[in-house]
Amino acid sequence: MIKINLAPTTKKGRAPKAWAPRVPRPGIKIPAIQTALVYIIGAVIILVLIVVLLVSQNIQMRNYNANVDQLNMKLNELKVYKAAVDSLENRERELATLIAPIKQLNRNRFFIAHVLDEVSTRIPDFTWLIMLNADSMSVNIKGVAASNLLVADFMNRLEESPYIHNVDLTVLEKKVIEKQEMMEFTLTANVGVDSIVRRQP
């Protein structure tokens with residue numbers, strides 16, 4: 001049978017271990033004056049940076065203001081030129097308004113002259129005109145001819161013109177002129193100003 005003794009026993013000849021005292025680690029101690037100097041120097045550096053930033057921003061703002069002033073001066077100069085251009089454009093519009101009726105009159109004048117030439121070149125023999133009125137829209141012709149056939153021939157010739165159309169006989173009467181029987185007639189017709197303008201070179 002095995003016996004175990006759990007009671008503590010004292011052993012002679014062994015002394016308890018003595019722990020060695022801890023030696024403090026060497027450290028750097030900054031005097032209070034040096035610490036204050038460090039803070040002051042840091043504050044001065046930060047202040048200098050702030051001042052530099054403010055000065056640079058002030059310089060930039062001055063440059064921007066100078067550029068704005070130059071641009072405003074150029075804008076004022078351009079306003080003068082713009083006013084001159086606007087005045088010229090207004091004057092040009094006024095002149096165009098004044099010239100438009102003159103152009104219309106010139107176009108109608110040449111057109112009427114062209115219509116008269118068309119009528120005169122298509123008059124048959126033994127046919128005479130007494131009256132001819134022409135404008136930009138119509139033409140009225142009054143004349144005498146030796147016979148009805150000549151009046152019909154004259155109407156056909158006018159219809160062949162590309163500028164005269166819708167020729168209508170409104171009056172046809174027999175008259176004695178210098179002991180000769182003649183046929184007095186009145187014709188009306190429409191004229192086409194657009195067709196003449198297209199054919200002009």
Can you give the Rg to Rh ratio of the stretch 34-201, both from alpha-carbon atoms, with Rh computed by the Kirkwood formula?
-> 1.81
Provide the descending list of Cα extents for the stretch 100-174 along its principal axes, expressed in whole angstroms.
-> 46, 21, 19
Residues with amide H under 5 Å of ASP135's amide H, sequence separation 5 or more or different chain, H placed in the peptide plane at 1.01 Å from N; which?
-> none
Quick calc, GLN57 & LEU37: beta-carbon distance into FRET formula, R0 41 Å, rounding 0.05, result 0.85
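Between HIS165 and LEU49, what length comes free when the chain is fully extended (0.36 nm per residue of separation minus the Cα-Cα distance, one decimal in nm)?
Working: separation 116, 0.36 × 116 = 41.76 nm, distance 9.58 nm.
Gain on extension, HIS165 to LEU49, equals 32.2 nm.
Multiply the residue separation of TYR81 and ALA96 by 0.36 nm, subtract the distance between their alpha-carbon atoms, and state the gained length in nm to one decimal.
Numbers: separation 15, 0.36 × 15 = 5.40 nm, distance 2.23 nm.
This chain segment gains 3.2 nm when fully extended.
Laboratory data are not the source of any read-out in this text; all were calculated from the coordinates shown. Computed from a prediction, not measured in an experiment: that's the story for all the values here. Backbone-built Cβ (ideal geometry, glycine too); neighbour counts: all protein chains shown.
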